[in-house]
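These notes are about the structure you will find just below.
Nothing in this text is a laboratory measurement; each read-out follows from the coordinates by a stated rule. From a predicted model like this one, the values you see are computed outputs, not experimental measurements. FYI the Cβ positions are ideal-geometry reconstructions off the backbone, even for glycines, and counts take in every protein chain you see.
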Amino acid sequence: MATIIDGKQVAADVHAALGPRIAALHAAGVVPGLAVILVGDDPASQAYVTMKERDCERLGMRSFDMRLPADTDQERLNAVIDRFDADPAVHGILVQLPLPGHLDAEAALARISAPKDVDGLTPESLGRLVRGLPAHRACTPYGVMRMLEAYGIDPAGKRAVVVGRSTLVGKPMALLLLEANATVTVCHSKTRDLAAVCREADILVAAIGKAGFITAEFVKPGAVVIDVGIVRTDAGLVGDVDFTAVEPIASAITPVPGGVGPMTRAMLMENAVRAAEAAHADLTR
Ligand code: GUN
């Protein structure tokens, strides 16, 4: 029987810890502001953005909601980003991904200045992560690290295997585990004998977006299994991990939903509050 890692509870604890920090900002006349830019009408992205806005409202933060039509051109998107980047009431900017195919996501993200990059995905933020310098950390991998910490799972000296090499999750996840002194392997679609590599993991992180792909044969008995996948099926939301098959083998496992998802949003809020604190400290220095 594995420990079920309760992302909702850890996220609630993160929110609770943000309360006094936000109150202190309010007392200083600062309302933390998060700009969320959504282009197009992808239903999943719309749902994520709405939840982020609700989180802001609940926490006493201001959300600057910018929903743009699917045919928005690059120039317009760039102008929206530049305006938020120059606005002192906006402390963090998030461009919801994926963008429609005609838009250049790299060019868009690169316009966000590092202090406002609360998503941790710009070249500067990711470059700083590689170099071990302070920067906002990408929300999903950062949330995974905080869940491990909350459950007393120290990656130091452990074998960690990350399945998936996306810029959004896999690559920053590997770097954060490395920073925490794990021995890290990153697997992908060309990895030979993937199941055997995964079976070496003390901590297995699945971030591929293939429903139920990680079955019992991928998991060493006693491993910690983190499921980043969110796949919509007729049966509802499912993860990359075949939970029913893997749970009896693992020592700890995240469910889908209620695992990594709530943590991603909680870390976004924490990054935005830290950005507001830093901007205020700069002004009062
Ligand atoms: N789409 C899915 N997850 C994320 C995320 O963490 N950040 C952004 N910007 N887009 C996403």
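For R128, are the conditions met, namely being buried (at least 18 other Cβ atoms within 10 Å of the Cβ), farther than 18 Å from M66 by Cβ and away from the ligand (no atom under 13 Å from the Cβ)? Judged against the criteria, R128 is a match. Restricting the first member to the range 120-141 and to residues that are of a type in the set (D, E, K, R), and the second to residues that are within 11 Å of the ligand (Cβ to nearest atom) and not in a loop (DSSP other than H, G, I, E, B), the beta-carbon pairs closer than 9 Å and six or more apart or on different chains are R137/P172; R137/M267; R137/N271. Cβ-Cβ under 7 Å, sequence separation 6+ or interchain: first residue in the range 43-57 and under 18 Å from L99 (Cβ atoms), partner of a type in the set (K, R) and part of a helix (DSSP H, G or I). Which pairs? Cβ pairs passing all conditions: K52/R265.
What number of residues within the range 112-125 satisfy the criterion of being over 19 Å from K171 (Cβ atoms) and either within 14 Å of the ligand (Cβ to nearest atom) or surrounded by 20 or more Cβ atoms within 10 Å (Cβ to Cβ) (or both)?
Looking only at that region, the number is 1.
On the basis of being over 20 Å from G261 (Cα atoms), hydrophobic (A, V, I, L, M, F, W, C), surrounded by 20 or more Cβ atoms within 10 Å (Cβ to Cβ) and within 14 Å of the ligand (Cβ to nearest atom), does I93 make the cut? Answer is no for this residue.
Can you find a residue in the range 207-229 that is outside any strand (DSSP E or B), within 24 Å of Q9 (Cα to Cα) and among the acidic types (D, E)? No; the residues of the range 207-229 include none that is outside any strand (DSSP E or B), within 24 Å of Q9 (Cα to Cα) and among the acidic types (D, E).
Every residue, every condition in (1) without any contact (Cβ under 8 Å) to a residue 40 or more places away in the chain; (2) assigned to a loop (DSSP other than H, G, I, E, B), yes or no:
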| site | (1), (2) |
| --- | --- |
| E200 | no, yes |
| R232 | no, no |
| L237 | yes, no |
| P248 | no, yes |
| P257 | yes, yes |
| P262 | no, no |
| E277 | no, no |
